[in-house]
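Participant: Here it is: the structure, laid out below.
Any read-out appearing in this document is the output of simple, stated calculations on the displayed coordinates, not a laboratory observation. Computed from a predicted model, the values in this text were never measured in an experiment. Every residue, glycine as well, gets a Cβ built from its backbone with ideal geometry; the counts of neighbours run over all protein chains shown.
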Amino acid sequence: MALREIVTVPHPTLRRSARKVTDFGPDLQTLIDDMVETMRAAPGVGLAAPQIDVSLRVIVVEFGDEEDEEAPAKLYSVVNPEIARPARELVVGTEGCLSIPGLIGDVERSQSVVVRGQNRHGQPFKIKANGWLARIFQHEVDHLNGVLFTDKALQVWQLEAEDNPPAMAD
Ligand code: NI
């Protein structure tokens, strides 16, 4: 495994629509392992492949159960993810992004979603996500479509040194 460099705005890969994955061979396995290592080192709760300058539809997310603080964070790797059944109920939360250092913003997201995709071996699966986990998946899938949280934010502001870091950065 290796740490990859996280690219930041205005890197052009962040604005491209990423390609669908069709090859589940060793290169994909290495990519996913490297993304997990890079996300943890950042640290962040999620990472999309375009953030390490790889224009492929791959995301990793690691987040605990907000209803059970004792539970360990759960790791998800999703290939070709799609957001399905977004709840009509929208919730506002404060987001940051490893590719947009120093900025945070309030973004409206669906309160719950179903994420459909494939695991690292190509098998289809789905995840039901609520609350912050749903928010993280929506933020990551946006990255695969060249969309950044600053495009959707109700307001964006500079993170000051004395501020608490945002609840999420990915
Ligand atoms: Ni991000």
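Participant: Say each of Arg116 and Arg16 gets a label point 7 Å from the Cα, pointing the same way as Cα to Cβ; how far apart are those two points in nm?
Facilitator: Reported label-point gap for Arg116 and Arg16 is 2.7 nm.
Participant: Right, another one. Can you put Ile59, Ile100 in order of Cβ neighbours within 10 angstrom, beginning with the fewest?
Facilitator: Least crowded to most crowded, the residues run Ile100, Ile59.
Participant: Rounded to whole Å and sorted largest first, what semi-axes of the equivalent ellipsoid does the C-alpha gyration tensor of the chain yield via the square root of 5 times each eigenvalue?
Facilitator: Its equivalent ellipsoid spans semi-axes of 23, 19, 16 Å.
Participant: Using the Kirkwood formula on the Cα atoms of segment 74-117, what hydrodynamic radius do you get, in angstrom to one decimal?
Facilitator: 12.4
Participant: Only counting other Cβ atoms within 10 Å, I'd like Val113, Val36 sorted with the fewest neighbours first.
Facilitator: Lowest count first: Val36, Val113.
Participant: How far is the Cα center of segment 22-87 from the Cα center of segment 111-157, in Å?
Facilitator: 10
Participant: Find the Rg to Rh ratio for segment 19-93, where Rh is the Kirkwood radius over alpha-carbon pairs and Rg uses the same atoms.
Facilitator: So for segment 19-93, dividing Rg by the Kirkwood Rh gives 1.02.
Participant: Something else: Tell me what the chain gives for mean residue ellipticity at 222 nm when only DSSP H runs of n ≥ 4 count, each as -39,500 (n - 2.57), the sum divided by the residue total, rounded to 500 deg cm²/dmol.
Facilitator: That comes out to -6000 deg cm²/dmol.
Participant: Using 0.36 nm times the number of residues separating Gln155 and Ala71, minus their current alpha carbon distance, what extension gain do you get?
Facilitator: Extra length available between Gln155 and Ala71 comes to 27.0 nm.
Participant: Which of Leu154, Leu144, Leu14 ends up with the largest GNM mean-square fluctuation for the chain, with Cα atoms connected below 10 Å?
Facilitator: Residue with maximal mean-square fluctuation among Leu154, Leu144, Leu14: Leu154.
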